[in-house]
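What follows is a set of notes on a single structure, which appears directly below.
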Amino acid sequence: MPRPAPAAAAFPEKLKQRLYPVVLGLFAENDFHRVNIREIYKKSGISPSTIYRYFPSKEDLLFAILDEKIGEIGALVREHIKGIESAREVLRKIFWVTMDYYDRNPGVAVTAFITVPMRAWMKERSYRREDASAILAEVVRRARERGEIDPSLRTAQILDQYYMHCYRQIHLWYFNGMTTKLVDRIPIFFDTLWKTLSPASSPGKG
């Protein structure tokens with residue numbers, strides 16, 4: 001079972017602005033096990049006693065940050081898909097908002113998808129994205145009502161497709177030296193993805 005999330009909400013906002021960029025920078029540039037609280041303290045100027053008051057370990061600190069930062073994507077998605085009727089365009093916008101966020105916050109992308117050991121993160125509440133599940137579940141429900149997607153597909157299968165493409169594109173982006181924008185990769189996979197989701201009677205789907 002995932003452990004309860006640390007009480008990061010009580011951490012002062014002005015300290016977050018100093019601490020979070022340092023933590024994400026260190027974890028994005030170094031192996032997970034090479035980063036320690038001492039180095040975080042030296043670069044942020046925030047004393048270990050202050051950090052430990054809110055976060056019992058570097059793992060708790062990092063996972064709280066990832067939970068907060070990745071949670072921002074859900075709020076942005078909800079705002080950006082307002083008024084869009086087409087399920088295809090809603091899904092495309094969800095990918096765009098996600099990839100644009102990671103383009104603007106590369107430290108979050110590298111830390112979450114490259115640096116963090118999955119076995120450790122899977123034990124944390126921050127790994128479970130109920131916000132993303134809720135948004136996609138609503139998109140799928142409306143798409144089914146309008147006959148825009150294959151009715152045999154379960155919501156979980158569509159959610160799997162979303163995460164699969166996010167992981168794959170971020171891994172390729174990182175492997176290739178982060179020299180391109182993630183949003184520019186959406187046209188590479190999106191049309192093929194939509195064909196797998198659209199009803200069998202749709203043009204071009206066998």
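The values are calculated or read from the model by the stated rules, or taken from the named source; none is laboratory data. Because the structure is a prediction, the values reported are computed rather than measured. FYI the Cβ positions are ideal-geometry reconstructions off the backbone, even for glycines, and counts take in every protein chain you see.
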Sole miss for G177 among (1) assigned to a loop (DSSP other than H, G, I, E, B); (2) small (G, A, S); (3) within 21 Å of A87 (Cα to Cα) is condition (3)
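Listed here are the residues, each with its yes/no results for (1) surrounded by 17 or more Cβ atoms within 10 Å (Cβ to Cβ); (2) within 11 Å of the chain's Cα centre (by Cα); (3) in a helix (DSSP H, G or I).
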residue	(1), (2), (3)
E89	no, no, yes
R92	yes, no, yes
V97	yes, yes, yes
Y102	yes, yes, yes
I114	no, no, yes
A132	yes, yes, yes
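Does S57 fit the bill of being among the small types (G, A, S) and either within 30 Å of R144 (Cβ to Cβ) or free of Cβ contacts under 8 Å to residues at least 24 places away in the same chain (or both)?
yes
Could you go through segment 155-169 and let me know if any residue there is outside any helix (DSSP H, G or I) and modelled with pLDDT of 90 or more. Can you show your working first?
Residues of segment 155-169 that are outside any helix (DSSP H, G or I), as a first pass: none.
No; the residues of segment 155-169 include none that is outside any helix (DSSP H, G or I) and modelled with pLDDT of 90 or more.
Restrict the check to segment 74-87 and report whether at least one residue is surrounded by fewer than 17 Cβ atoms within 10 Å (Cβ to Cβ), touching an Asp or Glu at 6+ places or on another chain (Cβ under 9 Å) and not in a helix (DSSP H, G or I).
Of the residues in segment 74-87, the ones surrounded by fewer than 17 Cβ atoms within 10 Å (Cβ to Cβ) are 75-76, 78-80, 82-86.
Of the ones still in play, those that are also touching an Asp or Glu at 6+ places or on another chain (Cβ under 9 Å) are 75-76, 78, 86.
So of that shortlist, the ones also not in a helix (DSSP H, G or I) come out as 86.
Yes, segment 74-87 contains a residue that is surrounded by fewer than 17 Cβ atoms within 10 Å (Cβ to Cβ), touching an Asp or Glu at 6+ places or on another chain (Cβ under 9 Å) and not in a helix (DSSP H, G or I).
Within segment 6-72, considering only helices (runs of 4 or more DSSP H) that don't extend past its boundaries, which have at least 3 residues that are modelled with pLDDT under 90, touching a strand residue (DSSP E or B) at 6+ places or on another chain (Cβ under 6 Å) and crowded, with 18+ Cβ neighbours inside 10 Å? Walk me through it before giving the result.
Working: elements: 13-29, 37-44, 48-54.
Helices (runs of 4 or more DSSP H) meeting the threshold: none at all.
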List every residue pair whose Cβ atoms sit under 9 Å apart, with the two residues 6 or more apart in sequence or on different chains, where the first one lies in segment 31-46 and is of a type outside the set (D, E) and the second, anywhere, is outside any helix (DSSP H, G or I). F32/V116; F32/P117; H33/P117; I37/F55; I37/S57; I40/I46; Y41/S47
When the residues of segment 108-137 are narrowed to those that are of a type in the set (V, I, T) and in contact with a Phe, Trp or Tyr (Cβ under 9 Å, 6 or more places away or on another chain), which ends up nearest to L76 (Cα to Cα)? V108
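With respect to A109, determine if the residue is crowded, with 21+ Cβ neighbours inside 10 Å, in a helix (DSSP H, G or I) and at pLDDT 90 or above.
Judged against the criteria, A109 is a match.
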